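This report concerns only the one structure given below.
The values are calculated or read from the model by the stated rules, or taken from the named source; none is laboratory data. Note that the structure is a prediction, hence the values are computed from the model and not measured. When we count neighbours, we look across all protein chains shown, and the Cβ atoms used for this are built from the backbone with ideal geometry, even at glycine.
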Amino acid sequence: MSSDLNDLEMAKKRDHKIMITDEAINKVPHVQYKEIPETEYDNLQELARQVLKISKDENDSNEVAVTYSLESARLIEKGERYIGIALGAEHDVDPLSDSTSYHLIRSSRDCVVIVLHNHPSLSAFSLPDI
């Protein structure tokens, strides 16, 4: 019964945007992603923090997408940007709206490109997310 009440309270919170706090940014977990080299875990945790920080500081806690290529060392050597940042609205963000993100996504053939983004209303993944 108590679990049902907690679920109901969480559902109510999804009706409105939750403003990002420094505490939330500091609590971003260290995730071990399948099929991504372990050497990237710290970078991805920091990028997840940056998604929230950019959202909080520059986008009124709305969605932000950060696009990152695992080919970053090669891209840096070529003098190219390897992180793209797209600012969105409360319920959506289009990573392709940022030219660097677009370039990373469209030009990647033999590498992994990762797009991290937040959901201000704490909603679950949507079909466009996938």
Checklist entry - Which numbered condition trips up Ser55, out of (1) at pLDDT 90 or above; (2) part of a loop (DSSP other than H, G, I, E, B); (3) crowded, with 19+ Cβ neighbours inside 10 Å; (4) not hydrophobic (A, V, I, L, M, F, W, C)? => result (2)
Checklist entry - Cβ-Cβ below 8 Å, separation at least six or inter-chain, first residue in segment 25-51 and in contact (Cβ under 8 Å) with a residue 12 or more places away in the chain and outside any helix (DSSP H, G or I), second of a type in the set (Phe, Trp, Tyr) and exposed (fewer than 15 other Cβ atoms within 10 Å of the Cβ): which pairs? => result His30/Tyr41; Val31/Tyr41
Checklist entry - Considering segment 57-68 alone, what residues qualify as being farther than 25 Å from Glu38 by Cα and under 13 Å from the mean Cα position of the chain (by Cα)? => result Ser61, Asn62, Glu63
Checklist outcome for this item: For segment 92-114 the number of residues that are at pLDDT 80 or above and closer than 15 Å to Val51 by Cα is 6
Checklist entry - Can you find even one residue in segment 64-75 that is of a type in the set (Phe, Trp, Tyr), modelled with pLDDT under 85 and under 19 Å from Ser108 (Cβ atoms)? => result no
Next on the checklist: Looking only at segment 69-96, how many residues end up being under 15 Å from the mean Cα position of the chain (by Cα) and not in a loop (DSSP other than H, G, I, E, B)?
Outcome noted: 8
